[in-house]
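Before any comments, here is the structure.
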Amino acid sequence: MPFCNGTAVQLIPLPSTHLMKKEQENSNLTSWDDHLDKKYGKAGTPSREKYEEEFEAFKIGVLIQEARKKQNLTQEQLAERSGTTKNYISRIENNASDIRLSTLMRIIREGLGGHLSLKMDI
């Protein structure tokens, strides 16, 4: 323990300016759930349900696009394999089109050689 004029002095470490800034920055953070609540309403509200449905449709498009690219297929090649058009594949991948379940299954099965699994939460 250090001494000052013969008296023992206890040193208390102070947070560095860097740590204080980090703590200040973290206090301004918002959780993803809080952000969604603020922007789309609480879970279960019509506006939040609409957001959730649109997000699921977006994810389907992204999954199809990633699988297509992983197999080194163009949109046109996937469309030919699936019995649809390049324009329709593009619209699905860009979340600009609703997709019928039967069409989605055909794209996954015939176009990508995959299998679609669904889950329902009630």
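Side notes on the structure shown:
- Hits in region 102-122 - residues which are part of a loop (DSSP other than H, G, I, E, B) and surrounded by 12 or more Cβ atoms within 10 Å (Cβ to Cβ): LEU112, GLY114, LEU116
- Reported count of residues in region 71-115, each being touching a Lys or Arg at 6+ places or on another chain (Cβ under 7 Å) and closer than 25 Å to TYR51 by Cβ, is 1.
- Restricting region 53-80 to residues that are under 18 Å from ALA96 (Cα atoms) and touching a Leu at 6+ places or on another chain (Cβ under 9 Å), the residue that is modelled with the lowest pLDDT: ILE60
- Within region 69-101, the set of residues being out of contact with any Gly (no Cβ under 8 Å at 6 or more places or on another chain), more than 15 Å from ALA57 (Cα to Cα) and in a helix (DSSP H, G or I) comprises LYS69, LYS70, GLN75, GLU76, GLN77, GLU80, LYS86, ASN87.
The values are calculated or read from the model by the stated rules, or taken from the named source; none is laboratory data. Bear in mind that the values here come from a model prediction, so they are computed numbers and not experimental data. Because the Cβ atoms are built from the backbone with ideal geometry, glycine has one as well, and the counts that use them run over all protein chains shown.
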